[in-house]
Amino acid sequence: MTGVVSTIWLAVLLGWVAWGALSLGLSLPISLALGLGFGVIGAVGLQSTLPVGALMAVLDPIAVVLPLLALRHMAATLGMPVQPFGTGPLLVFLLLYLTFLATAIGILPWEIYRLGYAPLPVALIALTLCAVGMWQGALFVPVVAIAGQFLWVLGWGSSNYFDHILHAALVPVVIVVLLLRLT
């Protein structure tokens, strides 16, 4: 089932990229429909090609956060109410995530990553993320936490919970968002 989930996430990401490119010349509904169609065709039909295989090698494990961010962006563009991420929470996330990455690769002496393998710490992390999201009045973080835990419990994908809810691509994305807010 892991392959099916990865293919769905890849279809969403490819569809989001295609939609972004197509929206430069086409209307919103047409570019969105064509983009998502291209994403499905690309993820399913071109799965055994070198470009799609290379993309999967770079992104794997995709995690739930990247496709959910793409879907969130598409929903906001369609006019659905989406609460923007605040600058303060983005800065806090960036600092915490960079610290987490530093511990995962051994720069800092703690070993936080290993907590993602054990049921009790994972449950506490998911509950904490849900509480933070509810405290902020934002639904996105709890959805990511619950979707990630759902896949983790089923054993679809990585055996580490953090691989389901985080992705290294978030670092440049958050930095770009923060830099764009300065201008």
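The values are calculated or read from the model by the stated rules, or taken from the named source; none is laboratory data. As the structure is a computational prediction, the values presented were derived from the model and not from experiment. Counting neighbours? That spans all protein chains shown, and the Cβs are built from the backbone with ideal geometry, glycine included.
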Unique match (being in a helix (DSSP H, G or I) and surrounded by 15 or more Cβ atoms within 10 Å (Cβ to Cβ)) among LEU124, LEU120, LEU151
LEU151
Which condition breaks for ILE107 when tested against (1) part of a loop (DSSP other than H, G, I, E, B); (2) exposed (fewer than 12 other Cβ atoms within 10 Å of the Cβ); (3) under 17 Å from the mean Cα position of the chain (by Cα)?
(3)
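For every residue, the table says whether it meets (1) at pLDDT 90 or above; (2) under 18 Å from the mean Cα position of the chain (by Cα); (3) surrounded by 14 or more Cβ atoms within 10 Å (Cβ to Cβ).
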position	(1), (2), (3)
SER23	no, no, yes
ALA33	no, no, yes
GLY37	yes, no, yes
LEU55	no, yes, yes
LEU68	yes, yes, yes
ARG72	yes, yes, yes
Does LEU68 satisfy the criteria of being part of a helix (DSSP H, G or I), in contact (Cβ under 8 Å) with a residue 60 or more places away in the chain and either of a type in the set (D, E, K, R) or not assigned by TED's automatic domain parsing to the domain that holds PRO142 (or both)?
yes
Among the residues listed as LEU166, LEU139, the single one being free of Cβ contacts under 8 Å to residues at least 60 places away in the same chain and either within 15 Å of the chain's Cα centre (by Cα) or surrounded by 15 or more Cβ atoms within 10 Å (Cβ to Cβ) (or both):
LEU139
Scan the range 84-93 and tell me whether some residue there is surrounded by 12 or more Cβ atoms within 10 Å (Cβ to Cβ) and closer than 21 Å to LEU13 by Cα.
yes
